[in-house]
Amino acid sequence: APPDVGGRYAALSVFGLVPAALIGMDLRALLDRARSMGEASSFCVSSSKSPGLQLGAALGELASGGRDKLTLVMSPSLEPFSAWLEQLVAESTGKDGTGIIPIAGESLGPLDSYDSDRFFVATLLRGDDLDGVDKKLSELEESGHPVVRIRLDDKFDLGREIFRWELAVPAAAAVLNVHPFDQPDVELAKKLAQEAMRAASRRSSQDSAETVGIEDSELESLLQSWLESKNDGDFLSLQAYLAPSPENSAALEALRDALRKRLRCATTLGFGPRFLHSTGQLHKGGADNGLFLQLVDDPSRDLAVPETDYTFGQLIQAQAQGDLQALRQRGRRVLRVQLGKDPGEGLRRLSKATA
């Protein structure tokens, strides 16, 4: 594998192609579609006709003008593709106090739920049940929101789209005057997590000082104060250091929806520690326009990490603590809530408190 290709740009390298081959993907068909986009974007094609550069120019210019919430609308069967796009966009552009915020997995809402900070890009697969998505996109377009529709004939066209986005995002970064291939703020959370692992006693005191429990009497006042810190153009980030179970996912989506209605702003949701290598760079290195809600729990069952003196629960706790400290060092508005041993019930109670 090329050592100079970063992970988020490696979808068409052996890092992406070997797993694709192992699940039976027709690599020739996938790469043929990618090659077609490469030819459409070659040096002899004017930049105004290059699909990747067109999208990149739109991303960069709209973000510079305040429409920095890239809202990814996906056909149901393509929804996992948004997770890769989320990392590609956030980690490539979210630095030096600027960035494009990818909004993935957020259902389309009524027109009055959107401010003038949105740019909608829809990736639609022929044959999928789009459930009125085209109609909603047309309504958004008619109300003044910029909308791009990308239509796929089949899933092999994802090869084409991977190439398009891997060209578009660096082009957008050039418009924003940031380096698209580094991630300078990812290491900060790693360093602080390592310090937390080495200083368990200090971590405990920090936890008690910086964490509010779901049953604590001051939760409501702290939550209201955090919500009231929202400014125009802000987005909300839910950071769930929880097991990604169907129950927890459903409860998190309900909380996300409640907060979206309350704040009328774009929302993101990520399970920790995975998001540290996707949107984590943007959270620390991007603009100070995010409200961060970190959610932690007490694991009902913990296991030792082999050949170490700590458990997986302690490791995740340290990663959450490191991320919290990194956000606070950058002056971010962050609230940390301890959900206890039943995170599903804790999330439901939190949803009621935000209504």
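The values are calculated or read from the model by the stated rules, or taken from the named source; none is laboratory data. Since we're looking at a predicted model, the values are computed, not measured. All Cβ positions, glycine included, derive from the backbone under ideal geometry; neighbour counts span all protein chains shown. Remember, those area values only see protein heavy atoms, side chains included, never the ligands or the DNA or RNA. Shrake-Rupley method; radii C 1.70, N 1.55, O 1.52, S 1.80 Å.
Within the range 254-289, how many residues turn out to be outside any strand (DSSP E or B), in contact with a Lys or Arg (Cβ under 6 Å, 6 or more places away or on another chain) and hydroxyl-bearing (S, T, Y)? Even if it seems obvious, please write down each step before you answer.
In the first step, residues of the range 254-289 are kept if they are outside any strand (DSSP E or B); the result is 254-265, 272-289.
Of the ones still in play, those that are also in contact with a Lys or Arg (Cβ under 6 Å, 6 or more places away or on another chain) are 263, 284-285.
This time we only want the ones that are hydroxyl-bearing (S, T, Y), so: none.
Counting residues in the range 254-289 that are outside any strand (DSSP E or B), in contact with a Lys or Arg (Cβ under 6 Å, 6 or more places away or on another chain) and hydroxyl-bearing (S, T, Y) gives 0.
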| query | Within the bounds of the range 298-312, is there any residue that is in contact (Cβ under 8 Å) with a residue 12 or more places away in the chain and open to solvent by less than 20 Å² (accessible area, probe 1.4 Å)? | reply | no
| request: Would you confirm whether any residue within the range 226-246 is closer than 27 Å to D96 by Cβ, part of a strand (DSSP E or B) and polar (S, T, N, Q)? | output: yes
| request: Check the range 213-221 and report whether any residue there is crowded, with 22+ Cβ neighbours inside 10 Å, touching a strand residue (DSSP E or B) at 6+ places or on another chain (Cβ under 6 Å), assigned to a helix (DSSP H, G or I) and of a type outside the set (S, T, Y). | output: no
| query | Do we have any residue at all in the range 23-34 that's modelled with pLDDT of 95 or more, within 24 Å of P146 (Cβ to Cβ) and not in a loop (DSSP other than H, G, I, E, B)? | reply | no
| Residues satisfying the stated conditions in the range 8-33, i.e. touching a residue at least 40 places away in the same chain (Cβ under 8 Å) and either over 13 Å from I162 (Cα atoms) or in contact with a Leu (Cβ under 6 Å, 6 or more places away or on another chain) (or both) | R8, D26, A29
| Quick one: would you say D128 is in a loop (DSSP other than H, G, I, E, B), of a type outside the set (A, V, I, L, M), in contact (Cβ under 8 Å) with a residue 24 or more places away in the chain and open to solvent by less than 50 Å² (accessible area, probe 1.4 Å)? | yes
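Would you point out which residue out of E86, E39 is assigned to a helix (DSSP H, G or I) and surrounded by fewer than 17 Cβ atoms within 10 Å (Cβ to Cβ)? Reasoning before the result, please.
Working: E86 fails: surrounded by fewer than 17 Cβ atoms within 10 Å (Cβ to Cβ).
Answer to the selection: E39.
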| What number of residues within the range 54-76 satisfy the criterion of being closer than 20 Å to P180 by Cα and open to solvent by 60 Å² or more (accessible area, probe 1.4 Å)? | 4
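For the structure I just gave you, tell me whether L158 is touching a residue at least 24 places away in the same chain (Cβ under 8 Å), open to solvent by 20 Å² or more (accessible area, probe 1.4 Å) and either part of a loop (DSSP other than H, G, I, E, B) or within 30 Å of R28 (Cβ to Cβ) (or both). If you could, list the steps in order and put the result at the bottom.
Details: touching a residue at least 24 places away in the same chain (Cβ under 8 Å): yes; open to solvent by 20 Å² or more (accessible area, probe 1.4 Å): yes; either part of a loop (DSSP other than H, G, I, E, B) or within 30 Å of R28 (Cβ to Cβ) (or both): yes.
Criteria met by L158.
Quick one: is L291 open to solvent by 50 Å² or more (accessible area, probe 1.4 Å) and on the phi < 0 side of the Ramachandran plot? It would help to see each step written out before you state the result.
Values: open to solvent by 50 Å² or more (accessible area, probe 1.4 Å): no; on the phi < 0 side of the Ramachandran plot: yes.
Here the answer is no, as L291 does not meet what is asked.
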| query | For the range 313-348, which residues satisfy the criterion of being open to solvent by 10 Å² or more (accessible area, probe 1.4 Å), part of a helix (DSSP H, G or I) and either farther than 15 Å from P299 by Cα or out of contact with any helix residue (DSSP H, G or I) (no Cβ under 8 Å at 6 or more places or on another chain) (or both)? | reply | G313, I316, Q325, R328, Q329, E345, R348
| remark: Just one listed residue, out of L236, L252, L263, L276, is open to solvent by less than 10 Å² (accessible area, probe 1.4 Å) and either among the β-branched types (V, I, T) or farther than 17 Å from P343 by Cα (or both), and it is L236
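Consider I101 carefully, then state whether it is among the β-branched types (V, I, T), at negative phi and touching a strand residue (DSSP E or B) at 6+ places or on another chain (Cβ under 7 Å). Before the answer, list the steps.
Working: among the β-branched types (V, I, T): yes; at negative phi: yes; touching a strand residue (DSSP E or B) at 6+ places or on another chain (Cβ under 7 Å): yes.
It is true that I101 is among the β-branched types (V, I, T), at negative phi and touching a strand residue (DSSP E or B) at 6+ places or on another chain (Cβ under 7 Å).
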